[in-house]
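**Q** Mind looking over this structure? Questions follow.
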Amino acid sequence: FQIDRNSLQILPFGVPDVIKYDDYSVSDKGVIELLYVGRLEKRKGADVILEVIPKILVANNFVRFTCIGDNTIPSEDGRTYQDKFMDEFGGCEWIDRVRFLGHVDEYELEAAYANCDIFVAPSRYESFGLIYLEAMRFGKPCIGTVAGGIPEVIADQETGLLALPGDAASLYDVIDQLIKDDELRKRMGEAGRRRYSDKFTTEKFSSNIEELLRKWVI
């Protein structure tokens, strides 16, 4: 089945803006907050992020991780990823710097985006990736992967960094790069906010749809 690419027009989806935007992109708490949002399942890269978390926290005693999303999904051995993680690392001295919040309401989710310093979601595949836009609204640098539609949302080296899907070493490297560079986080966060405002608002999406429909009608 062949499609003439000259006949295609891409209209990026949009998400509503936050009611009030402030510059949240650099932590002033003496702590760097990393946020993961998504189901704790293999397709979302939960196994990869949970493999990296201990190494990051051992190397950086000022870093905290928060994981939001369904944490009841069984992994390959029947246990949840959260249970496996806690069974292995529950006694470590850094464990109080990891939070699993499960499902949260919209208010708590937006507060988590606003209060984080780096957003990370190493999915093995995303057809688009609304979670990255949700973080970009708050001026956050985003870490994703080169899979699926993620590179269409995150501009690599500009609004965030892209790791290889399923590759813990690659993910560690890009997280470490952002942890160590305050100015890079700020610059990428600001660029992400601009990219969201220019391309991915609901207003931009609706105006693109309207323009396309007018062309068809005419």
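The values are calculated or read from the model by the stated rules, or taken from the named source; none is laboratory data. Predicted, not measured: the structure shown is a model, and the values here were computed from it. Quick reminder, even Gly has a Cβ in these numbers, built from the backbone with ideal geometry, and neighbours come from all protein chains shown. Keep in mind that these areas ignore ligands, DNA and RNA; they rest on the heavy atoms of the full protein, side chains included. Shrake-Rupley method; radii C 1.70, N 1.55, O 1.52, S 1.80 Å.
**Q** Along each of the three principal axes of the Cα atoms of region 85-218, give the extent in whole Å, ordering the values from largest to smallest.
**A** The principal-axis extents, from largest down, are 67, 32, 28 Å.
**Q** Moving on to the next point. Over the chain, what is the relative contact order in whole percent, taking alpha-carbon pairs under 8 Å and six or more residues apart?
**A** It comes to 25 percent, rounded to a whole number.
**Q** What is the set of long-range amide H partners of Thr80 at a cut-off below 5 Å, with H atoms built 1.01 Å from backbone N?
**A** Hits under the 5 Å cutoff: Ser75.
**Q** Next question. Leaving out ligands and nucleic acids, and using a 1.4 Å probe, what accessible area per residue does the chain come to in Å²?
**A** 52 Å²
**Q** Per DSSP helix of 4 or more residues, -39500 (n - 2.57); summed, then divided by the residues of the chain. What does that give at 222 nm, rounded to the nearest 500?
**A** -12500 deg cm²/dmol, from helical runs alone.
**Q** Calculate the length of the line joining the C-alpha centroid of region 33-93 to that of region 99-151, in whole Å.
**A** 15 Å
**Q** Can you give me the distance in nm between label points at Gln177 and Ile73, each placed 7 Å from the Cα along the Cα-to-Cβ direction?
**A** 2.7 nm
**Q** When the accessible area of the chain is computed with all protein chains present and a 1.4 Å probe, what percentage of it is carbon and sulfur?
**A** With neighbouring chains kept in place, the figure for the chain is 51 percent.
**Q** Note down the magnitude of the dipole of the chain about its Cα centre, charges +1 on Lys and Arg C-beta and -1 on Asp and Glu C-beta and zero elsewhere, to the nearest 20 debye.
**A** Here the size comes out at about 480 debye.
**Q** Now, a different point. Across every pair of different alpha-carbon atoms, what Kirkwood hydrodynamic radius in Å does region 87-166 reach?
**A** 13.9 Å
**Q** As an exercise, take the mean of 1/r over every pair of distinct alpha carbons in region 165-218, invert it, and state the Kirkwood radius in angstroms.
**A** 14.2 Å
**Q** Which order do the peptides 58-69, 5-16 take when ranked by the mean count of other beta-carbon atoms within 10 Å per residue, highest first?
**A** 58-69, 5-16
**Q** If I take R0 = 45 Å and measure r between the Cβ atoms of Lys84 and Thr202 in this structure, what FRET efficiency does the formula 1/(1 + (r/R0)^6) give, to the nearest 0.05?
**A** Between Lys84 and Thr202 the formula returns 0.70.
**Q** Turning to a different aspect of this structure: Residue farthest toward the positive end of the dipole of the chain, with Cβ of Lys/Arg at +1 and Asp/Glu at -1: which of Phe13, Gly166, Leu130?
**A** Final value for the positive-end residue is Phe13.
**Q** Which value results for Rg/Rh of region 34-119 when Rg is the Cα radius of gyration and Rh the Kirkwood radius based on the inverse mean 1/r?
**A** For region 34-119, the value is 0.95.
**Q** In degrees from 0 to 90, rounded to the nearest 10, what is the angle of the helix 202-217 Cα long axis to the longest principal axis of the chain?
**A** 30 degrees
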